[in-house]
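S.K.: Below you'll find the structure I mean.
The values are calculated or read from the model by the stated rules, or taken from the named source; none is laboratory data. Worth saying up front: this structure is predicted, and the values here are computed from it rather than measured. Every residue, glycine as well, gets a Cβ built from its backbone with ideal geometry; the counts of neighbours run over all protein chains shown. These accessible areas exclude ligands, DNA and RNA; they are computed on the full protein's heavy atoms, side chains included. Shrake-Rupley method; radii C 1.70, N 1.55, O 1.52, S 1.80 Å.
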Amino acid sequence: MDSASVDEEFLIRRSDILIADGRYEQAISCLDMILNEHPEDEKALSMKGLAYCLKGETERGIDIFEQALDIHPFSKTVLITFADACLHSSMPDRSLEILERAISYYPDDEGLVMLKMTIIGAMEKNSVTAFFN
């Protein structure tokens, strides 16, 4: 393994930790280091889109996800992260739409189907709760 791939792995892990800690700008900076060398890196693009969505710049994050899907239209990583970002951005319908796309590409992936059912269940629960409030 060469040092470039080790550095890239380190930056991906570091970005993941920074996103989990809510330090989105720092995560984006780490991801930009990867993308400067590898502009089509699906993991870095996905994480950058997620970071922007989580920091409240949803349109910018979605643009990054759409760019990633233009490059990697069948990427399970991009699709799952995009669906997650939409869910966190209070767009469950868009999240389901993206999951449907992923399921059409990977119909045997039970995890995708389970994730879809979890989102539908949460949406139904929220609509029942809203009805009684």
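S.K.: When we measure straight from the Cα of residue 116, which lysines land under 21 angstrom away, once same-chain ones fewer than 8 places off are left out?
M.R.: Reachable lysines: 76, 125.
S.K.: Here is a follow-up. At 1.4 Å probe size, with every protein chain present, just tell me what the per residue accessible area of the range 1-96 comes to in Å².
M.R.: 54
S.K.: Whole Å is fine, so just give me how far the alpha carbon centre of the range 93-111 lies from that of the range 36-83.
M.R.: Value for the Cα centre distance between the two parts: 16 Å.
S.K.: Taking amide hydrogens as modeled 1.01 Å from N in the peptide plane, which residues meet the under 5 Å criterion relative to residue 23, leaving out close sequence neighbours?
M.R.: none
S.K.: Nearest 20 debye, what's the magnitude of the dipole of the chain about its Cα centre given +1 on Lys and Arg Cβ and -1 on Asp and Glu Cβ?
M.R.: 540
S.K.: On the full set of protein chains, 1.4 Å probe, figure out the accessible area of residue 88 and give it in Å² to the nearest 10.
M.R.: Roll a 1.4 Å probe over it and residue 88 shows about 120 Å².
S.K.: Another one. Just to verify a number: what accessible area does residue 14 come out at with the full protein assembly present, 1.4 Å probe, Å² rounded to tens?
M.R.: Roughly 90 Å² of residue 14 is accessible to a 1.4 Å probe.
S.K.: Another one. Treating the angle as unsigned and between 0 and 90°, give the value, to the nearest 10°, between the Cα long axis of helix 76-88 and the longest Cα principal axis of the chain.
M.R.: Helix 76-88 sits roughly 60 degrees off the main axis of the chain.
S.K.: Same structure, new question: Taking a 1.4 Å probe, which of 70, 16 shows the most accessible area, and what order do the others take after it?
M.R.: Result of the area sort, largest leading: 70, 16.
S.K.: Once neighbouring chains are kept in place and the probe is 1.4 Å, which whole percent of the accessible area of the chain is contributed by carbon and sulfur?
M.R.: Whole-percent figure for carbon plus sulfur exposure: 54.
S.K.: I've got another one for you. Could you check the simple spin-label distance between residue 88 and residue 60, using points 7 Å along Cα→Cβ, in nm with one decimal?
M.R.: About 1.5 nm, to one decimal.
S.K.: Which of 99, 10, 73 sits closest to the plus end of the dipole of the chain, meaning its Cα is farthest towards the positive end, when Lys and Arg get +1 and Asp and Glu get -1 on the C-beta?
M.R.: Positive-end residue among those listed: 99.
S.K.: Once you sort the root eigenvalues of the Cα gyration tensor of the chain as a ≥ b ≥ c, which label holds: rounded (a/c under 1.5), prolate (a/b larger than b/c) or oblate (the other case)?
M.R.: Note, shape of the chain comes out prolate.
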